[in-house]
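Structure record follows, encoded as structure tokens.
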Amino acid sequence: MHEKLLEIKDLSVEYETEISTVYAVNGLDLEVGYGETLGLVGETGAGKTSTALSVIRLLPEGIGFVTGGSITLDGVDMLAASEEKLRSMRGATASMIFQDPMSALNPVMTVGAQILEVLKIHHPEQSKKDLEARVDEMMELVGIPANRKEEYPHQFSGGMKQRIVIAIALACEPKLILADEPTTALDVTIQAQMLGLINDLQKRLGTAMILITHDLGVVAQTCEKVIVMYAGEAIEYGSAEDIFETDMRHPYTEGLFNAIPKLNEESARLEAIDGMMANPTVKIQGCRFADRCKHATERCRQKQEMREVSKGHIIRCCLYDRQQANV
Amino acid sequence: MSSNLLKMIGKRIVQSCITIVIVTLFVFTLIQMVPGNPVANYLGATASAEQIEYYTHLYGYDRPVAVQYISWITGLFRGTMGQSISYQSEIADILLPRLLVTLSMVVPAFIIGVLLGVFLGILAAQKRGSWVDSLISFFSNIGVSIPMFWLGMMGMLVLGLKLHILPTSGYVPIERDPGDWLKHMIMPIIVMSLGVMASFMRLARSSMLEVIRQDYVTTAKAKGVDKKSVTIKHQLRNALIPIVTVMGSRLGTMVGSTVLIESLFVIPGLGSVMMNGISNRDFMLVANGVLIISIFVAVCNLVVDILYGIIDPRTR
Amino acid sequence: MEKNKKSVLSRLRSSRIFRVMFGRKLIVVCSVMLVVMFLLAIFAPLAAPYDPNKDDLYNVLKGSTAEHLLGTDSNGRDVLSRIIYGGRISFTVGVVAVVISSVIGMALGLISGVIGGAVDTVIMRVMDAMMAVPMLILALFLGAILGQGLGNVCLAIGISMVPGYARITRGQVLTVRNADYVTAGKLCGGSWVRNTIVHVFPNCLSANIVTMTSSLGGAILAEANLSFLGMGISPPTASWGAMVSGGYKYLSTQPIIAIAPGVAIIIVVLCFNMVGDALRDALDPKLRGTLGKGRKREKQSRKGRDRYA
């Protein structure tokens, strides 16, 4: 048995559109241990969702391609696995919670049938009655009365739908949950509830999770490890404490922190990060954030390696090299 | 069936009735706009004044317009449609048997066209970007652009005149000789079904492509559902919703196009009798034909709405 | 894995062919074709080799010859010349009918959507009633009552296409009506007439423009249908539908008389439909980028980079 549940090495993902090639993920390394929670942080278009979809090999067919690297999930080489093997793993070994619960459920199937479906696929040996009982159990687990399983998605509110999506994702007790911004589409009050629910169930079932979000607050609440992504690259990696309680962050992460409103400080205006995300259709050699970075120097035009600033906390930036040399 | 569905059906029946009433008003008003006396129009310049007066009185055209309209409408409830000037008999007796002839051609053509069209459209969407898709899209584009009468003529030319497989035109009642009836019906049915097939291919393809990129399809795949089940359980049922919606009006269009097919293949159906009415300037006959077709369309739309309610739980 | 890779590759390869052959280039070809047909129709007296209506009883029903490329009809008239002149009727009816139907339809849709209430109900019920009658039957009935002639044919086809525009416009008005920028216009104190013209109307246009392009083909087809049934343009004026109908009798001896004008109809209608589709796709942002870009991907995969696609 591998020590790590998920190992991604040097992953590259590209999208081919009619107009251009989009380099969505560029040489990403990532590890998730059994039962561990990893936060994947970054703004829209940073390649977070592409990474998650690559893990279960569900990039949009004919448009998104894994062009390099390796993905090993629970000891299985996901890039070499047969379609059949992949199918048997989707939903059972790794499952996904999608961003928008409004569109993630099939409008013409009852919610009960949609939960039952995943159980039926992965537990064909069990009787229908047992599976139905499991559906009831799952619905109660996510806080929806089981007698509503004959209803259709449009009869539920957004938060309720997300609970159903979570029930589907957890029904087969997967080893890994890929939660793609599970709370973004929901009201703030429901967001907290939903995170609590996911976290609680995850702890109870011992499931590992990759939580994709652009909300650092969410990461602080739930994650042990954090990866910050920018323009398809990991630019910072460490434990939650490393990143939240340090002075040596990547300038981009710093910018993200400054963009969070602080209750204890009187400030008129939030600091935004100037400029736009690097053009994803162009391959850049040096630091992708350089154009927006106020610390940028000539050195940033060269290829940047990941470097450790403190134990277990690594960043892809040369800003602190000098300081460390001085110490 | 839930009470909501029943309520919806009730509401739609009332709506259809209103539509039909407006159609009767509409066609009746249009007939009144034809200049001159309808009897004189039919009899032509050679008719004597007495003749015209006699027939005008006989058919009731000397009554006030409102009275004519009311007597037409009340007649409809008794199953009469008034007298045809050109056929000299009750219009319902002329039109209804011919409606059956028309439907015996339209219904099979429609079923064949829809089934094949939807199947091929889905196939094209599944294999989007491949040569199968190009081929299907190409034929559906041509199919919706071909004039039906021309296609019919080409059928006659190739299958009838060159290959001698099928009769070029004509009609044999089914009760006289079912085999011969079928032989005469094959070509009109094929020609009509090709047009419907082409338009349903386009519709099914685009509707399927729309569904393919929906999030719930990814959800299903992420559950480990196999390709066939994704297509059937998750995509097809959702893709059918817009397809079902247009079925009613497409069936109506098809009944309309029988004027072309029946004129071309010399089939004594509703379309050809309406063409006779037009060339004889027997507008009451034509107006009743239009009414029958619109009632047929309304009924089809009602059936479609019920089907729609069954397929899409959101309408319940 | 190997098999999977192969199938995707071959699909991408053929999708490139599809896109180049049937994609943008086809739209260009269609547009050029339409322009050529349109110019031929406008300059018919210069383009046509013969007078389309001049009978030549010594040269009746001649097949394709050097003098008469597409042969002659039962009156000895040159079929090619008649097709070129027939384009005038088709394009005129197409354009005029679409203008009539879109102007009336958009006006009704705007009134219905903006005023609402009883006016809306009455207009939409009448549109429903018109839609309950198949377009061809409606046009035929109107044509029969109005009588033959170019103007009446345009009017009959135009009116039969009104409900489509009215419905689309009303739908657009209803979605636009409560949009913030329209509310903002109201708050600025603009009258509702101004508001409708400046803010609501332009937003209904794009949906209607697409409909107009594809209904050009529909109107031309409708004219052909009416003329085929003898309810269109009065003879001897050349019209494609009537020419097919005239060739019916000589189908076994000189089929080209019926075939040629039919091909002309197909080309024009097909081109209008294709351009209309392309326009719709271009105007629908949802559809952008749904097709992968095959060419470059294929090049890369040849280099062996595309291991896992």
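Can you give me the angle between helix B:65-77 and the longest principal axis of chain B, using Cα atoms only, in degrees from 0 to 90, rounded to the nearest 10?
Tilt of helix B:65-77: around 60 degrees.
Helix-only mean residue ellipticity at 222 nm, chain B, DSSP H runs n ≥ 4 weighted -39,500 (n - 2.57), per residue, nearest 500. What is it?
Helix-only estimate at 222 nm: -25000 deg cm²/dmol.
Under a Cβ-only charge scheme (Lys and Arg +1, Asp and Glu -1), can you give me the dipole magnitude of segment C:24-292 about the Cα centre, in debye to the nearest 20?
Here segment C:24-292 has a charge dipole of around 620 debye.
In the neighborhood of C:R170, defined by Cβ-to-Cβ distances under 14 Å, what is the net charge if each Lys or Arg adds +1 and each Asp or Glu adds -1? Write out the running numbers ahead of the final one.
Values: positive: C:R125, C:R167, C:R177; negative: C:D120, C:D128.
Neighbourhood net charge equals +1.
Considering only A:H154, A:A231, A:L178, whose Cα is most displaced toward the positive end of the charge dipole of chain A, charges sitting on Cβ of Lys, Arg (+1) and Asp, Glu (-1)?
A:A231
Just for the Cα atoms in the protein assembly as shown, what are the lengths along the principal axes, largest first, rounded to whole Å?
121, 68, 67
Taking +1 at the Cβ of each Lys and Arg and -1 at the Cβ of each Asp and Glu, which of C:I145, B:A220, B:S145 sits farthest along the dipole of the protein assembly as shown towards its positive end, judged by Cα position relative to the Cα centre?
B:S145
Any idea what angle helix A:188-205 forms with the longest principal axis of chain A, computed on alpha-carbon atoms, 0 to 90 degrees, nearest 10?
Computed tilt is about 70 degrees.
Distance cut-off 31 Å, Cα to Cα: go down the list B:K183/C:K62; A:K149/B:K228; B:K11/B:K228; A:K225/A:K294 and report the pairs above it.
B:K183/C:K62; B:K11/B:K228
In degrees, nearest 10, range 0 to 90: what is the angle between the Cα axis of helix B:131-145 and the longest Cα principal axis of chain B?
Value to nearest ten degrees: 10.
Which net charge results for the neighbourhood of A:M160, defined as the other residues with beta-carbon distances under 15 angstrom from its beta-carbon, given Lys and Arg at +1 and Asp and Glu at -1?
-1
Cα-Cα over 26 Å: which of A:K161/B:K233; A:K85/A:K283; A:K128/B:K7; A:K129/B:K7; B:K162/C:K25; A:K48/A:K303?
Listed pairs above 26 Å: A:K85/A:K283; A:K128/B:K7; A:K129/B:K7; B:K162/C:K25.
Under 12 Å from the Cα of B:K227, which aspartates and glutamates turn up, not counting those fewer than eight places away in the same chain?
A:E83, A:E84
Just from the alpha-carbon atoms, what are the Rg and Dmax of segment B:6-150 in angstroms?
Computed over the Cα atoms of segment B:6-150, radius of gyration and Dmax are 23.7, 73 Å.
Among B:S249, B:S137, C:S112, what is the fewest-to-most ranking by other Cβ atoms within 10 Å?
In increasing order of surrounding Cβ atoms, one gets B:S249, B:S137, C:S112.
Note down the magnitude of the dipole of the protein assembly as shown about its Cα centre, charges +1 on Lys and Arg C-beta and -1 on Asp and Glu C-beta and zero elsewhere, to the nearest 20 debye.
1460
Which is farthest toward the positive dipole end of the protein assembly as shown among A:C293, C:N273, A:A169, measuring Cα position about the Cα centre, with Cβ charges +1 (Lys, Arg) and -1 (Asp, Glu)?
C:N273
We did not get these values from a lab; they are worked out from the coordinates using the rules stated. These numbers were taken from a predicted model, which means no experiment stands behind them. No Cβ is skipped: glycine too gets one built from the backbone with ideal geometry, and neighbour counts run over all protein chains shown.
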